[in-house]
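Below you'll find the structure, written out as C-alpha cells, and then a few comments.
The values are calculated or read from the model by the stated rules, or taken from the named source; none is laboratory data. If you're wondering where the values come from, they're calculated on a predicted model, not measured in any experiment. Don't worry about glycine lacking a Cβ; one is built from the backbone with ideal geometry, like all the others, and counts go over all protein chains shown. With ligands, DNA and RNA removed, areas are computed over all heavy atoms of the protein, side chains included. Shrake-Rupley method; radii C 1.70, N 1.55, O 1.52, S 1.80 Å.
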Amino acid sequence: MNAGVNTSEAVTSGGFSQWFIIVLVIINIVISLYQFREMSKIRKREIEDTNTRHKEMLEQQRQQFAEQLKQLNEQHTRELEVKVIVESQKERIEDIRQLTSDYLLKISELKKVVYNNLLHRIQDEEDYKNNLQSLSGNYHDLTYPVLEAKNLLEFRLSEIENTDHLIKYTNDLYHKTKMTPIKIYECDTFSPPNGQFPLEYTGEFTRKKYDEEQNDARQKLFDESAKYLKNQWTSLYNKIDKLSDF
C-alpha cells in the first residue's frame, strides 16, 4: 500500500520536475529570443548610425571637393582674366609707342620741308615764287603720310580712356607743323605794309617763331606720351606681380 503511494508521489514529483524544466527552457528561449531581438535592434541602429555617419562623411568630403574645385576654377579664371588684361595692355602700350614714334618721324620730315621753304622764301623770294608749283607738289606728297600717321595714332588713342589730352597734343602738333608753300609766300610777315619792315615782322622772325611753336608742340606730345606710357608700364608690372601671387 505504501509502496503504491510512494510510486504515485514519485510519478507526480517527476512530472512536476519535467514541466518545471520545460517551463524554464521555454523561459530561457523567450529570454534568448528577446535578447536576440534587442541585440538585432541595437545592431540595426548601429549599422544605421554607421551608414548615416558614412553618408555624412561622404557628403562633407563631396562638399569640400566641390569647394576646392570651385576655388581652383575661380583662381584659374582670375589667372586667365589677368593674363588677357596683361597681354591686351602690353599690346596697347606697344601700339601707342610705335604709332607715336611713326607720327613724330613723319612730323620731323614735314617740318624739314616747311623749314627749308621758309629759308628759301627769305633768301630768294623771286626764285621761291618761280618754283612755287613744284614746292607745293613736294609739300603735298609729304602731307599724306603725315596725316595717315596722325589719324592712325588718334584712332588708337580714341579707343582708350583718359587719352583726350594726347589726341589734343597730336592734333596741335600737326597744325603747328604744317604750312603750305602758298601760305608761306602769302604770309604778311614777308610783305611789310607801307614799305616798312618792323623788326618783329622780318622773315627771320617768322622762321624763328615757327621753329619755337613747333618745337613746343612736339615736346608737349613727347612728354605727355612718355608719361602716359610710363604709367601704363607701371600698371602692367603691378598686374604681372598680381598674377605671380596666384
Problem set entry | Count - residues of the stretch 134-178 that are within 23 Å of the chain's Cα centre (by Cα), open to solvent by 80 Å² or more (accessible area, probe 1.4 Å) and at pLDDT 90 or above | 2
Problem set entry | Leading residue by the ranking (surrounded by the fewest Cβ atoms within 10 Å (Cβ to Cβ)) among those in the stretch 109-133 that are in a helix (DSSP H, G or I) and of a type in the set (D, E, K, R) | E126
Problem set entry | Number of positions in the stretch 94-107 that are crowded, with 17+ Cβ neighbours inside 10 Å and either of a type in the set (S, T, N, Q) or farther than 15 Å from P145 by Cβ (or both) | 2
Exercise. Is it the case that some residue within the stretch 181-200 is crowded, with 18+ Cβ neighbours inside 10 Å, within 47 Å of the chain's Cα centre (by Cα) and at pLDDT 90 or above?
Worked result: no
Exercise. Does at least one position in the stretch 69-91 carry a residue that is closer than 30 Å to K168 by Cβ, in a helix (DSSP H, G or I) and at pLDDT 80 or above?
Worked result: yes
